[in-house]
Every structure is written in structure tokens, then in C-alpha cells.
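To start, the structure itself, in C-alpha cells.
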Amino acid sequence: MTQGFELATALAGGVEGRRGAWCFIQGFAAHWAGALASGDGWAEADLVAAEERLDVRLPAALREAYLLFGRRRDLTGNHDVLLGPAELYVDDAEEALVFRHENQGAASWGVLLGSLQDDDPAVFIRPDLADRSAERWEGWLERLSLCFVEIVLSESVQADREVCDFLDADDESIALLEENAVRLPFPAYPIGEEDDPVRWFLAQDVLLRDDGMAVLARGRTAEALDRVRDLIPGDWLHDCR
């Protein structure tokens with residue numbers, strides 16, 4: 001794999017806790033997207049202003065993520081939207097602090113208000129349903145730092161189409177994925193999902209996400225992505241060869 005950064009090994013440390021999560025994201029950014037730099041995070045003053053506006057204390061993990069890379073849209077906003085400090089809000093039911101939206105408004109991610117005092121609280125997701133009375137905050141990931149690792153991975157497979165692609169999955173393609181790629185050590189999620197949890201794989205410098213309906217791929221290079229298209233044949237959305 002990439003000299004100086006072995007993704008699977010780094011991810012194993014990244015899922016252990018906050019410090020490991022930020023180390024993983026720094027390494028991943030440097031070798032897959034572009035090294036983090038000063039100015040990639042929000043200023044402390046922006047976070048203090050958000051706390052004063054909302055009359056809450058932001059969890060340590062949220063503050064650390066925003067300070068480190070919260071302004072890097074290539075890591076946090078290729079598809080879904082990480083809200084800036086001035087956009088953070090408490091939902092209408094006053095149940096959760098919302099920090100992320102699905103790109104078409106189909107869902108929101110948040111931290112329950114009762115757990116804001118925790119340094120690294122669990123993250124919940126709420127789907128936007130036609131029947132608003134049926135909307136509920138549902139378990140997503142057990143720690144906020146783990147959620148930010150997932151955000152960086154998920155947004156990375158939604159980047160430039162030169163190095164990213166999408167495949168409608170069937171049983172054969174999933175079998176080939178499992179045969180030709182290494183399962184990455186990221187816990188199955190959403191919390192409580194037993195039938196089709198999201199799974200992550202790595203194959204020949206290509207990061208792959210299996211979400212039960214589709215396989216999304218991000219290569220470190222276009223050539224690496226082409227090799228995986230050959231290993232897992234199918235109707236890849238951006239394959240024009």
C-alpha cells in the first residue's frame with residue numbers, strides 16, 4: 001500500500017477513540033486527498049459564538065473535529081453537508097443538536113441534548129418522512145469521533161468522478177467484492193442494523209463502501225480504480241472505457 005500510511009492498520013487505530021480518529025483522518029487526508037493545513041479548521045471564536053448562540057457546550061469531539069478539519073469540504077461535504085458553527089441548531093422538538101444534513105434533506109445527524117456533556121457522545125440520525133409524526137432519532141454510531149471517521153470515508157467516495165465511481169450491486173458483484181477486497185476494521189452500522197449494515201473494503205489502493213444497495217469506490221489514482229472495475233465487472237456509472 002501507500003508508503004508511510006497503511007489504511008487498514010491506521011483505521012484500526014482510528015476507531016479506538018478520539019485521538020486515534022484524528023490521527024487517522026490526518027494520515028488519510030495526507031495520502032488520499034491533501035494534507036491538513038492551518039486554516040482547514042474553524043477558529044475557536046466561531047465555536048464559542050455557536051455555544052453562546054445556542055446556550056450549550058459543544059462536546060469535545062465536535063470541537064476538536066471542527067478545529068482540525070471542519071472547513072475542508074473535500075473531506076466533509078462532497079455529498080452530504082457538515083454544518084458550520086453558525087449553522088448548528090437544536091431541532092424543533094428540542095431533542096438533539098444537529099450538525100449534518102443529507103444533501104437533499106432526506107435525513108439529519110445529531111447528538112442528543114442529554115449527552116452533550118459527554119466528550120464523545122453517540123450520534124443519531126433522523127429521516128425526513130412524509131409523516132412528520134413518525135420521525136424519530138435512531139442510533140447511527142456509538143461515538144462522535146467514529147462518526148467523523150465515517151464522514152471522511154463516505155465523502156471521499158463521493159469526490160471527483162475521475163477517481164470515484166458507483167456500481168449497482170447484485171449478488172455476483174458483492175461476492176467478487178468480498179473475494180478481491182479486504183474488509184476494513186470499521187464497525188457495522190447503523191446501530192442495530194443486522195440485515196444490510198454498511199461495510200468498508202480496500203482493494204489495490206481503492207476504498208470501497210458496500211451499503212447493501214450499491215458499491216461506491218474511490219481510487220488513489222484513476223488507474224487503481226480501473227483495476228478494481230476489472231476485478232468487479234458491472235455497469236459502473238462513470239466507466240467510459
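Structure values in brief
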| item | result |
| --- | --- |
| Hits in the stretch 86-131 (condition: in contact with a Pro (Cβ under 7 Å, 6 or more places away or on another chain), within 23 Å of A45 (Cβ to Cβ) and among the hydrophobic types (A, V, I, L, M, F, W, C)) | V111, L116 |
| Which listed residue, of F5, F28, is under 17 Å from the mean Cα position of the chain (by Cα) and over 21 Å from D118 (Cα atoms) | F28 |
| Single match in G20, G13 (criterion: assigned to a helix (DSSP H, G or I), surrounded by 14 or more Cβ atoms within 10 Å (Cβ to Cβ), touching a Cys at 6+ places or on another chain (Cβ under 9 Å) and not basic (K, R)) | G13 |
| Complete set of residues in the stretch 155-173 that are out of contact with any strand residue (DSSP E or B) (no Cβ under 7 Å at 6 or more places or on another chain), farther than 16 Å from L231 by Cβ and in contact (Cβ under 8 Å) with a residue 12 or more places away in the chain | E155, R161, E162 |
| Some residue of the stretch 181-192 being surrounded by 19 or more Cβ atoms within 10 Å (Cβ to Cβ), within 22 Å of E102 (Cα to Cα) and not assigned by TED's automatic domain parsing to the domain that holds V90 | yes |
| Residue check, R136 outside the structural domain of E193 (by TED's automatic domain parsing) and modelled with pLDDT of 95 or more | no |
| Any hit, the stretch 123-134, residues being in a loop (DSSP other than H, G, I, E, B) and either buried (at least 16 other Cβ atoms within 10 Å of the Cβ) or aromatic (F, W, Y) (or both) | no |
| Criterion (surrounded by 15 or more Cβ atoms within 10 Å (Cβ to Cβ), hydroxyl-bearing (S, T, Y) and closer than 22 Å to A30 by Cα) met by exactly one of S145, S108, S115, S173 | S145 |
| Output for the stretch 174-197, where each listed residue is in contact with a helix residue (DSSP H, G or I) (Cβ under 9 Å, 6 or more places away or on another chain) and in contact (Cβ under 8 Å) with a residue 24 or more places away in the chain | L176, L177, N180, A181, V182, L184, P185, F186, P187, Y189 |
| Selection status of D92, more than 27 Å from G219 (Cβ to Cβ), in contact (Cβ under 8 Å) with a residue 12 or more places away in the chain, part of a loop (DSSP other than H, G, I, E, B) and not aromatic (F, W, Y) | no |
| Any hit, the stretch 55-77, residues being part of a helix (DSSP H, G or I) and of a type in the set (S, T, N, Q) | yes |
| Where C147 falls short, out of the listed (1) part of a loop (DSSP other than H, G, I, E, B); (2) within 11 Å of the chain's Cα centre (by Cα) | (1) |
| Candidates D239, D230 - the one that is assigned to a loop (DSSP other than H, G, I, E, B) and surrounded by fewer than 18 Cβ atoms within 10 Å (Cβ to Cβ) | D239 |
| Options D91, D165, D160: the member that is exposed (fewer than 15 other Cβ atoms within 10 Å of the Cβ), more than 20 Å from W22 (Cβ to Cβ) and not hydroxyl-bearing (S, T, Y) | D160 |
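The values are calculated or read from the model by the stated rules, or taken from the named source; none is laboratory data. Quantities reported herein were computed from a predicted structural model and do not represent experimental measurements. Positions of Cβ are generated from backbone atoms using ideal geometry, with glycine treated the same way; all protein chains shown enter the neighbour counts.
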